[in-house]
Structure formats: structure tokens, C-alpha cells
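Just below is one structure, and these are the notes that go with it.
The values are calculated or read from the model by the stated rules, or taken from the named source; none is laboratory data. What you see is a predicted model; the values in this text were computed from it and never measured. With ideal geometry, Cβ positions are generated from the backbone for all residues, glycine too; neighbour counts draw on all protein chains shown. Heads up: the accessible areas ignore ligands, DNA and RNA and are worked out on the full protein's heavy atoms, side chains in. Shrake-Rupley method; radii C 1.70, N 1.55, O 1.52, S 1.80 Å.
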Amino acid sequence: MTRHDGDMERTFAALPPAHGRGFAQTWWGRAWLTALEGTALDSTQLKTGRRLARAGAVGAVSVRPGRLTAVVQDRDRTAHRADVLLEELSPEQWDRFLDMTAERAGHVAALLDREMPPHLVEDAADAGVELLPGLGDLEPECDCGAWDHCGHTAALCYQVARLLDQDPFVLLLMRGRDESALLEDLQARGAASTTGSSAPEGMDAAEAYATGDILPPLPDLPELPGEPGLPPSLDTEAPPAPGIDPAALAFLAAQTAVRAHGLLKQALRGTFHAELTPVQDAVRLAAGDPGPEMTDRLADGSGRGREGLATAVRAWRHGGTDALSVLDEEWRVEGDTLARACAALESAWDTGERPELRARGNRWTVVGAPVQLRLGRDGRWWPYRKERGRWLPAGGAAQDPATALALVTAPASAELPAGEESSL
């Protein structure tokens, strides 16, 4: 990697071929690919881009504010300059992002560790700053003359997903700030916050009341706390009332604080999710590691049993209620949904690389291996692995079935028992 500090440009050497692996391993890398794959009108061009990127046809990648550039070679060695444009953040947006980040030491530490945790992106969105690109935000330019994403710009985007996995500062540079300037600004803001702190200002209560009609309006409500609050301690000398389990009550109080914090965040952002059913809420509680005794009670109350609850908790941690629905529900795929699913499976792999699949309902099983893809009703693919005779969630959802399948690591020699699947 080469830096050009004068014009805020970083150049990354060409990456080696990426045969047999997904392009994005991190959640933010997958979000980048979602912005590409959810917008491109021609899935054939995406397939071509994946093939070129896997073959190492993307040259050195130049990253600078608002633009990515690389030379991409076709299979016949014809070279094309490909550019992808992404809108820079405004000075006001950068101020809000830097103020927010400087106030939270955890955000700065995560960036220094080359990570972009979801709560950093969520807090930035709360401040009116969208860091990750959305659908339609990645604008292509290529000298091949294509007006939409072509195989060359798609290959560039797939290659950049690998760079983002390694260093999220690549995204921040595209949004307009290089790493050194950003860290210097954060350090300066942190120092100013420390030296500028003093005793809280105020005025006499009688004076405030007398001049209430000319005082400025009250300040805005304080920001959402970074973490849920702690419930009162139940450690008292008084014995519990009959039928009261102090440990279970303390766990429920802590989980209620977590749930309340999440609901408040949704309310402040104007986004609301459906109410959890009692069975779903039992899984959510079990995901909080309540201990063996309470886990047994949740297993009985949810009707799943201990092993079924453990599987449900595993799904919950991969994707909440959406992942639970995919675990529990088998449904018939037909019509336009089936056509889109088949098209996605056909375009996800190069010729000769796609594994043999057998389909039953919304579940596609790899022949000769304990690996399965499940289609959610929202069109995303979820990876599953068979262990000790049970299908278990193996990762989060992906728009691309090949990416989802790459999340599953299973021995190729393992055999599946004969089933009722029909060939795709």
C-alpha cells in the first residue's frame, strides 16, 4: 500500500486471486456488497465482476475522497479503467461524526483496531451521518461505455470489499478524510473536551423563575446513553417472599433494562420493530446466558427443550427474529420468488464451480456434504451445517448464496443420509 498524503490518496497493490472464498468476511464488507448487488440491474455483469476479481484481474486500487480507480483486465487481456464514485460527507456531517466519536472512547479504540462495530455506525446514523453506502450510492464509470455497473466496476467493488475487511479507514477516506487527519482531529477534540470541562453553570432559582418569560428555550434532551442502565441490587438481608426467585428476578430486571434501551433507541431513530412473541422473547432471554436453572425453565416454557433452545439461541445471535423464522419455518418457494432464487443460484458461481444442490421447500442442500442454504422470505440466504443429525445455523445472512455458503466450514468427505430432496 502506498500513501500520497498531499492529495489524500492511498494506492493498494493488486490482491492475489480469491478462488473458493467469499469477498467479504466482515459485516461492513458485506454491507458494501449489498449496496452493489441490490442496485445493479444486470446480474450477469455481477457474475462477470466476481469472476474477474477472483481471477486477480483487478490491478492496483487507488482510493481517494469520493472515488475508487483501478485497471481491470478482461479475459482477453483488454484493459479498462474502472471508477466507482461515492458521495463525500459534508463538513457539517464530519463535525457531527467527529464530535460523536470523540465522546466515546470505545469508538476510537475500535477504529484503531481496524474494526467498525455496528454501534459506531448506528450512533453515526443517529447523528445524521450515513457511513456505509446505501442502494444506488455506488456510481459506476468505465471506459467500456456501460451506463450501469459493468463487469469491470463490479470487479472493482468486489476487490474493495476485501480491502474494507482489512481496514475500515478505506471507507472513511472515500467519505472525505484520511486516517492521519481524522485521528489528529479526534485527539484535538478529546483534549478540548477534557480541558474545557468545568463545574456546571447555572443561576439562582428565584431569578430564573422571575425571568422565565425571557429565558431561552430548554436545551434538547440528552443523548441516548451508550449502555443500558443497571437495575437496583436485590442483595438485601430480608428473605425473599414465597415463590420469588431473586436470581431470576435480577436477571429479568437486567434484561428489561437492555430491552428498554433498545426500544428507546428505536423510538429516537423513528424505527419500530414488531413485538416479540413469548416464544421469541424466551429465546432472547436465553441468549443473555441466564445460567443453567433459568435456561431449563426457558426451555420448558418455550416448548423447545434444552437442545432446541440452544439451537434457537445460536440462530438469534446470527440474526434475531429473522434468523429464528428461517430456523423454524419451512415453506414452499414458487412463482417469482422461485425464479429469483434460481437466478441467484445460477449467477453466484462460475461455470463448473457451483456445487450440486438438492432443493426441498426453501432449503438447498449441498449433495455429499452436511451443508445447506436456506432462503428467507426477504430474499437473503442463510448458511446451515449438519452436526450430530441436526441442522444448525452457521452464520449470518447474505444476499449472495455463494457468500453465504463460504461462511460454512465442513469436511468435504462427510456424507448426508438419503432424504426426500428433489434435484434443482
Practice item. Classify the range 4-71 as rounded, prolate or oblate from the Cα gyration tensor: take a ≥ b ≥ c as the square roots of its eigenvalues, call it rounded if a/c is under 1.5, otherwise prolate when a/b beats b/c and oblate if not. Key: prolate
Study note, to complete from the structure: Along the dipole axis of the range 29-104 (charges at Cβ: +1 for Lys and Arg, -1 for Asp and Glu; origin at the Cα centre), the most positive-end residue among ALA55, GLN93, TRP32 is ALA55
Revision key, fill the gap. With all protein chains present and a 1.4 Å probe, the order of CYS157, CYS142 from largest accessible area down is CYS142, CYS157
Review point. What FRET efficiency do you get for GLU293 and LEU263 if R0 is 35 Å and r is their Cβ-Cβ distance, rounded to the nearest 0.05?
Key: 0.80
Revision key, fill the gap. From most to least accessible, 1.4 Å probe, no ligand or DNA/RNA atoms counted, SER325, SER347, SER233 line up as SER233, SER325, SER347
Exercise for review: Just grab the label-to-label distance for THR256 and ASP99, each label 7 Å out from Cα along the Cβ direction, in nm (one decimal).
Suggested key: 3.5 nm
Review point. So how far apart, in nm, are the two label points at ARG377 and ALA109 if each is 7 Å from Cα heading toward Cβ?
Key: 4.0 nm
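Which order do peptides 42-52, 295-305 fall in by mean Cβ count within 10 Å, highest first?
By packing density, highest mean first, the sequence is 42-52, 295-305.
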Study note, to complete from the structure: Per residue, accessible area of the range 300-345 with a 1.4 Å probe, heavy atoms of protein chains only, in Å², comes to 55 Å²
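In what sequence, highest mean first, do 65-74, 367-376 appear when ranked by Cβ atoms within 10 angstrom? Walk me through the numbers before you get to the answer.
On the way: 65-74: 19.2, 367-376: 20.9.
Listed from highest to lowest mean packing, they are 367-376, 65-74.
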Revision key, fill the gap. Expected field for LEU276, accessible surface area in Å² at 1.4 Å probe radius, rounded to 10, holds 30 Å²
Study note, to complete from the structure: Using a 1.4 Å probe on heavy atoms of the protein chains only, the accessible area for LYS386 in Å², nearest 10, reads 60 Å²
Study note, to complete from the structure: For the range 64-161, dividing by residue count, accessible area per residue (probe 1.4 Å) in Å² works out to 45 Å²
Point to revise | Cα-based convex hull, the range 283-422, per residue volume (Å³, whole number) | key: 116 Å³
Study note, to complete from the structure: Other residues with Cβ under 14 Å from the Cβ of HIS80 give, with Lys and Arg +1 and Asp and Glu -1, a net charge of -2
Exercise for review: Can you send over the solvent-accessible area of ARG162, 1.4 Å probe, protein chains only, in Å² to the nearest 10?
Suggested key: 30 Å²
Point to revise | Carbon and sulfur %, accessible surface of the range 44-153 computed with the full protein complex present, 1.4 Å | key: 48 percent
